[in-house]
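Trainee: Sending over a structure as structure tokens; questions will come in a sec.
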Amino acid sequence: MAVELEMHEDWQSRVQALAEDLLFNLGYELVDLELSQGDDSVFLRLYIDQEGGVSLDDCTHVSRMLGALLDVEDPIPGRYNLEISSPGLNRRLSRPKDFQTRLGETVKVQLLKPFNGRRRFKGILLDCQDNPLTVTIEVAGETFIVPLDETSKCNLVYDFNK
């Protein structure tokens, strides 16, 4: 039997707050949190990071600690599957902090609808403004100020030639 589950902002916020507090105390940062509904449970994926990167042992440790905390606090109605992962080389960027700490790096931004005649921008991240959230990207010598509220995806582009 499928569980009908509405993803309420209140329990999503609760899960995020619990995870951020625990991760901070363990020396990690919550990079991203994804929630999706399956047939009979919720899938919860967290991307974590720390200075120097994240290992498989780090993910296993956080999974055990967070799993125990979520079992005690019970913020998710019904069953859930928990996955802890590194953001990877092509990490997703979404928060102002993500952009501000990656100035000078190559990013790839995909928009929901065209902006200045384009939906995709790949270039050097020059600046990030918080209100409204925009990024300045240099693409082939041309500078674009891109509104991130219309973004469907934004990732770092790892340069293997470094």
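Trainee: Report, in degrees rounded to the nearest 10, the 0 to 90 angle that the Cα long axis of helix 9-26 makes with the longest principal axis of the chain.
Mentor: 90
Trainee: Relative contact order for segment 96-156: what percent, with Cα pairs under 8 Å and sequence separation of 6 or more?
Mentor: 35
Trainee: Give me the angle, in degrees from 0 to 90, between the Cα long axis of helix 56-73 and the longest principal axis of the Cα atoms of the chain, rounded to the nearest 10.
Mentor: It works out to around 50 degrees.
Trainee: Using just the helices of the chain, give the 222 nm mean residue ellipticity in deg cm²/dmol: DSSP H runs with n ≥ 4 each add -39,500 (n - 2.57), and the total is spread over all residues, rounded to 500.
Mentor: -8000 deg cm²/dmol
Trainee: Using the Cα gyration tensor of segment 101-150, with a ≥ b ≥ c the square roots of its eigenvalues, what is the shape: rounded (a/c below 1.5), prolate (a/b larger than b/c) or oblate (neither)?
Mentor: Oblate, because a/c is 1.5 or more while a/b does not exceed b/c.
Trainee: In segment 10-122, if every C-alpha pair distance is counted and binned at 10 Å from zero, what percent goes to each bin?
Mentor: The calculated distribution, bin by bin, is 12, 40, 30, 16, 3, 0.
Each value in this text was obtained by applying a stated rule to the coordinates, not by laboratory testing. Just so we're clear, the structure is a prediction, and the values are computed from it rather than from any experiment.
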